[in-house]
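Okay, here's the structure, questions in a sec.
None of the figures in this text is laboratory data; all of them are computed from the coordinates on show. What you are looking at is a predicted structure, and each value in this text was computed from that prediction instead of being measured. Every residue, glycine as well, gets a Cβ built from its backbone with ideal geometry; the counts of neighbours run over all protein chains shown.
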Amino acid sequence: MGEPRMARDLTLGPEWSHEMYECLKEQGVELFCWVPDGGHKVPIARSLEDDDVISVPLTREDEGVALLAGAHLGKKKGVLLVQSSGAGNCINMLSLTAIGSFPLVMLVTMRGEFGEQNPWQVPMGKGTEPSLSAMGVHCLRCDRPEDVVPTTIAALNMAYKSEQAVAVLLSQKLIGAKGF
């Protein structure tokens, strides 16, 4: 596989985000499904520029759950990039992964937490982990840059070797609080 055209452009985002993207590629991820999100700016931009992966913008987050189930049937490994406010859109569709025993890896940028200034983000920020857990999704949290790569690898292994749904919650402490 060739090198992606976009190298580590640190003006795009933090080093840990580039390391996460490279880790995903090293672990065999070929499909990136996403709804636009500033917290996922690096993996979205890099996947769009990378000829070795498929990058799919979604209309709604729950489309990614179904798309990744189909990709698994085609022997492809993928991830769903969402914000915590959009994770709620996936709740009903997560029955597909539970009943069908499909692996799923969600990388969730959290809002409504540490330093949040937008009151509309707070309810789903509080409800993301309990809602995902109630649907059988294992939630792994990252608060520090050094936790991102090992947690991402753990999530991929758990999902693809044990056919589980796993969400890596990238905390607002990690991604930074946004101004309103």
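Mind giving me the nanometre distance, one decimal, between the label points for residue 59 and residue 26, set 7 Å out from Cα along Cα→Cβ?
Label-label distance for residue 59 and residue 26, simple model: 3.8 nm.
Can you tell me the Rg and the Dmax, both Å, for the Cα atoms in region 15-175?
Computed over the Cα atoms of region 15-175, radius of gyration and Dmax are 14.1, 42 Å.
Taking amide H positions as placed 1.01 Å from N in the peptide plane, with prolines and chain starts having none, which residues 5 or more places from residue 83, or on another chain, fall under 5 Å of its amide H?
109
Is region 28-112 best put as rounded, prolate or oblate by its Cα gyration tensor, with a ≥ b ≥ c the root eigenvalues, rounded for a/c under 1.5, and otherwise prolate when a/b is larger than b/c, oblate when not?
Oblate.
Report the label-to-label distance for residue 9 and residue 146 in nanometres (one decimal), using points 7 Å from each Cα along the Cα→Cβ vector.
If labels sit at residue 9 and residue 146, their model points lie 3.1 nm apart.
Take every Cα pair under 8 Å in the chain that's 6+ residues apart, average their separations, divide by the length, and report that relative contact order as a whole percent.
After rounding, I find 22 percent.
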